[in-house]
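Peer 1: Quick one: this structure, given as structure tokens, is what I'll be asking you about.
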Amino acid sequence: MNVSGFYWIFLRGLDKNPLKVYCDMTSSGGGWTRVVDVNPSRDGSCPRAYGYITLPKKLCTHKWTGSPNCNSATFSTLGVKYSEVRGYAFGYQMNATDAFSTGRNKVDGILITTGQNPRQQIWAFAAGAYHGNGAGVGVSSVPYTWSNCPCGKYPGAQPPALIGSNYYCDTGNPGNQSHTAGWFLGNRLWDGKCFRGSKCCKNPLLPYFERNLGQSTTEDIEVAICVTDRRQYEENIGLEEMQLFVR
């Protein structure tokens, strides 16, 4: 059976009633069960943990709570035992987000994790400040690249050890536009289309990622929209669409 679509499945040891789930039966050998499907344009809403805006585009966003942090939503994995995760995210940045430059175990973007003790990072989607070198932006008259993607034309800070190489980084800012330029809707993040000179689109799986966790689990998945410097420059991340699958 290699046709992707909706199936009724029975989960061993759980409820006797079957569950209707979407299965990807073709990608990377098939057998993937969809457990996350976020699409505010289609649904007209977002998970309650996130903010929701309709202008200039329907997006799930970071919801300001008084301090820089992450808004986290938990998604059930339906009791499916899995050791691999596959998925994608599309989004946009507002103003000059900071990728990995904001400190230990932090990211401006989307962080996907699972488990509790310890919590395991699955994948990060980071948003860098500029495609340019940052010169002449804000208070800086000299090149300032620290907030750029580490794989960008003008590389920025490396990701923390918690994330390692398990990330995609992109920027919607085509040059050195300012901290108050607003939403960069002309350049969607993490879609595999990078600016010339960037090395951020080398992974042939883009826009998808795949991660082998090294062990099996049935733990739910947490998806966090993180903004670590919002008070100063009103930075934000807008999630347009995300799907995650487990196997």
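Peer 1: Looking at the stretch 113-247, what % of its DSSP beta bridges pair antiparallel, to the nearest 5?
Peer 2: 50 percent
Peer 1: Using only the alpha-carbon atoms of the stretch 136-218, report the extent along each of the three principal axes, biggest first, to the nearest angstrom.
Peer 2: 50, 27, 24
Peer 1: With each run of n ≥ 4 DSSP H residues scored as -39500 (n - 2.57), what mean residue ellipticity at 222 nm is computed for the chain after dividing by its residue count and rounding to the nearest 500 deg cm²/dmol?
Peer 2: After summing the helix terms and dividing by residue count, I get -500 deg cm²/dmol.
Peer 1: What is the diffusion coefficient of the chain in µm²/s, taking the Kirkwood radius over Cα pairs and the Stokes-Einstein relation at 25 °C with a viscosity of 0.890 mPa s?
Peer 2: 132 µm²/s
Peer 1: Which percent, to the nearest 5, of DSSP beta bridges fully inside the chain are antiparallel?
Peer 2: Counting only bridges with both partners in the chain, antiparallel ones make up about 95 percent.
Peer 1: What accessible surface, in Å², does a 1.4 Å probe find on residue 3, ignoring ligands, DNA and RNA and rounding to the nearest 10?
Peer 2: 90 Å²
Peer 1: Starting from the Cα gyration tensor of the stretch 181-247, take the square roots of the eigenvalues, sort them a ≥ b ≥ c, and report rounded, prolate or oblate (rounded when a/c is under 1.5, otherwise prolate if a/b is larger than b/c, else oblate).
Peer 2: Taking the square roots of the gyration eigenvalues as a ≥ b ≥ c, the stretch 181-247 is oblate.
Peer 1: Could you tell me the accessible area of residue 210 in Å² (1.4 Å probe, neighbours in place), rounded to the nearest ten?
Peer 2: About 60 Å², ignoring ligands and nucleic acids.
Peer 1: Select from 150, 174, 118 the residue whose mean-square fluctuation is largest in a Gaussian network model of the chain (Cα-Cα springs shorter than 10 Å).
Peer 2: 118
Peer 1: Under 5 Å between amide H atoms, partner at least 5 residues away or on a different chain: which partners does residue 179 have, H built in plane at 1.01 Å?
Peer 2: For residue 179, the qualifying residues are 138.
Peer 1: Charges only on Cβ, +1 for Lys and Arg, -1 for Asp and Glu: so what's the dipole of the chain about the Cα centre, in debye to the nearest 20?
Peer 2: For this selection, approximately 200 debye.
Peer 1: Do any cysteines of the chain lack a neighbour Cys whose Cβ is under 4.7 Å away, and which are they?
Peer 2: 23
Peer 1: Taking only protein heavy atoms into account and a 1.4 Å probe, give the accessible area per residue of the stretch 119-247 in Å².
Peer 2: 44 Å²
The values are calculated or read from the model by the stated rules, or taken from the named source; none is laboratory data. Everything numeric in this text was worked out from a predicted model, so none of it was measured. Every residue, glycine as well, gets a Cβ built from its backbone with ideal geometry; the counts of neighbours run over all protein chains shown. Just the protein is used for accessible areas: all its heavy atoms, side chains included, with ligands, DNA and RNA removed. Shrake-Rupley method; radii C 1.70, N 1.55, O 1.52, S 1.80 Å.
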